[in-house]
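Notes follow the structure.
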Amino acid sequence: MMFKSPLHIAQSIKSRVLEREGLTCSVGVAPNKLLAKLGSRLRKPDGLVMIPKEEVNGVLEDLPASSLFGIGPKLEEGLKLLGIFTCGQLGDFPSPF
C-alpha cells in the first residue's frame, strides 16, 4: 500500500518524535488544520485525537469557543457579549455575508 491511513501516519509521527528526540507529543488528525490543532490540544500531553468529518459537529457543539485557535481573551469577551459561549453557538450565529 503506497499511502498509509491517517491514523498510521499520526502514530508514526508520535513514535519517531519519541525515538529521535525522547519527547512525547500530541497529534490531531482532522479534515482541516484548525480542527487538527484543536484535536492535538484536547489530549495533551502525549495524545492522539482523530476527528472524522462526520463527527466534527458533535465534537465542536459544546466546546468553549475559546478552544479554537485564534480566539483569545479579548475576542472571547466580545463573543460572550453576543451570547456566544460554545463553538456550536458560534457556528449557528448568523453571518452578515
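The values are calculated or read from the model by the stated rules, or taken from the named source; none is laboratory data. Predicted, not measured: the structure shown is a model, and the values here were computed from it. Counting neighbours? That spans all protein chains shown, and the Cβs are built from the backbone with ideal geometry, glycine included. We work out accessible area using only protein heavy atoms, side chains counted, and drop any ligands, DNA or RNA first. Shrake-Rupley method; radii C 1.70, N 1.55, O 1.52, S 1.80 Å.
The set of residues in region 1-11 being open to solvent by 80 Å² or more (accessible area, probe 1.4 Å) and either part of a loop (DSSP other than H, G, I, E, B) or in contact (Cβ under 8 Å) with a residue 60 or more places away in the chain (or both) consists of 1, 2, 3, 4. Given the conditions (1) of a type outside the set (D, E, K, R); (2) touching a Ser or Thr at 6+ places or on another chain (Cβ under 7 Å); (3) over 30 Å from residue 5 (Cβ atoms), report the number of the one that residue 71 does not fulfil. Result: residue 71 passes all but (2). Within region 70-82, the set of residues being exposed (fewer than 15 other Cβ atoms within 10 Å of the Cβ) and within 18 Å of residue 41 (Cα to Cα) comprises 70, 72, 73. Taking only region 83-92 into account, find how many residues are exposed (fewer than 12 other Cβ atoms within 10 Å of the Cβ) and either at pLDDT below 95 or part of a helix (DSSP H, G or I) (or both). Total meeting the criteria: 1.
Checking each residue in region 12-56 for being open to solvent by 90 Å² or more (accessible area, probe 1.4 Å) and assigned to a helix (DSSP H, G or I) picks out 16, 18, 19, 20, 21, 33, 41, 53, 54, 55. Filtering region 57-81 to residues that are in contact with a helix residue (DSSP H, G or I) (Cβ under 9 Å, 6 or more places away or on another chain), assigned to a helix (DSSP H, G or I) and farther than 13 Å from residue 30 by Cα leaves 65, 66, 67, 73, 75, 76, 79, 80.
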